[in-house]
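Notes follow once the structure below has been shown.
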Amino acid sequence: MAKAPPKRFAGGGQWEAMHGDMTGYFEVRITSKTPNGKWHYRLFCLLDYDAAEKAAPLLVVIDGAAKRYQTTMSDVRYAGVRKFGEEYRRRNPRSLVTAEDIREALDGI
């Protein structure tokens, strides 16, 4: 992804543009074998070209999910992702996590 803009990145099935009600979102896909069988892990992302005070577009992780291999996620789950995305877009300047926020959160573990 570092060599091509995400909208044109050929992700080999690991970076996919979503469709239908999820148009505008992108999905990072990883499949993994675990002792409990095969699982799909997903990160739901937006490309933000409208963030105030940012010179470059942002790749924003909105939510994540896991599901068993060859199963589907419910429409309710996707609606939750869209709700988080709408909440994110309502604020500009955006609510963003900084490296300092992460350090502070990890210090508490």
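Number of residues in region 83-103 that are within 21 Å of Tyr25 (Cβ to Cβ) and among the hydrophobic types (A, V, I, L, M, F, W, C): the value is 3. If the requirement is being at pLDDT below 95 and either assigned to a helix (DSSP H, G or I) or not small (Gly, Ala, Ser) (or both), which of these qualifies: Arg82, Arg29? So the residue among Arg82, Arg29 that is at pLDDT below 95 and either assigned to a helix (DSSP H, G or I) or not small (Gly, Ala, Ser) (or both) is Arg29.
The values are calculated or read from the model by the stated rules, or taken from the named source; none is laboratory data. Since this is a predicted model, take the numbers as computed values, not measurements. Here the Cβ is made from the backbone with ideal geometry for all residues, glycine too, and neighbour counts use every protein chain on show.
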